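Please read the structure below before turning to the comments.
The values are calculated or read from the model by the stated rules, or taken from the named source; none is laboratory data. Every value quoted in this text rests on a predicted model; they were computed, and no experiment measured them. Neighbour counts run over all protein chains shown; Cβ positions are idealised from the backbone, glycine included. These area figures cover heavy atoms from the full protein model, side chains too; ligands, DNA and RNA do not enter into them. Shrake-Rupley method; radii C 1.70, N 1.55, O 1.52, S 1.80 Å.
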Amino acid sequence: QVQLIESGGGLVQAGGSLRLSCTASGSIFSMYAIGWFRQAPGKEREFVAAINWSGGQTDYTDSVKGRFTISRENAKNTVYLQMNSLKPEDTAAYYCAARSIRTSTHSSEYNYWGQGTQVTVSS
């Protein structure tokens, strides 16, 4: 079992940057792929990015490609989501989630979830 805690959210102007962190405890972190998802008010949760257990494979949804970068430091049990050139449409609660080894873009395939961190981008 693994527990996940997100941090780094906040209020930023359009064009600005934020770095989200997802820190894990309770199990062997390097066994897990980590995904970032987001949910805006009134909308379904959507996939943002994911990284496999080793960091050798990453996936992004089209709307964030070239702006967001996912990375991990297994020695620190942490996955990062660097978000640049933020847009108002990036405003959402961001969640990290864990599943065994391989990435997935489907939220239903993740077993463990954090509580989320709010990102608000003003225009």
When ligands, DNA and RNA are left out and all protein chains stay put, how many square angstrom of accessible area per residue does the stretch 43-103 have with a 1.4 Å probe?
-> 49
About the Cα centre, charge dipole magnitude for the chain (Lys/Arg +1, Asp/Glu -1 at Cβ), debye | 160
Gap separating the Cα centres of the stretch 14-78 and the stretch 93-117, nearest whole Å = 9
Inter-label distance for Asn84 and Ser63, nm, one decimal - labels placed 7 Å from Cα along Cα-to-Cβ = 2.1
Counting only residues 5 or more places away or on other chains, whose amide H sits under 5 Å from the amide H of Lys87 once H atoms are built in the peptide plane?
-> Gly15
How big is the Cα convex hull of the chain in projection, averaged over all directions, in nm²?
-> 6.6
Here the residues of the stretch 26-54 lying in the modelled label zone of Gln118, meaning backbone nitrogen under 17 Å from a point 7 Å along Cα-to-Cβ, are 38-43
Partner lysines for Lys43 [C-alpha distance under 24 Å; skip if fewer than 8 residues away on the same chain] | Lys65, Lys87
Report relative contact order for the stretch 1-119 in percent, whole number only (criteria: Cα-Cα under 8 Å, sequence separation at least 6).
-> 36
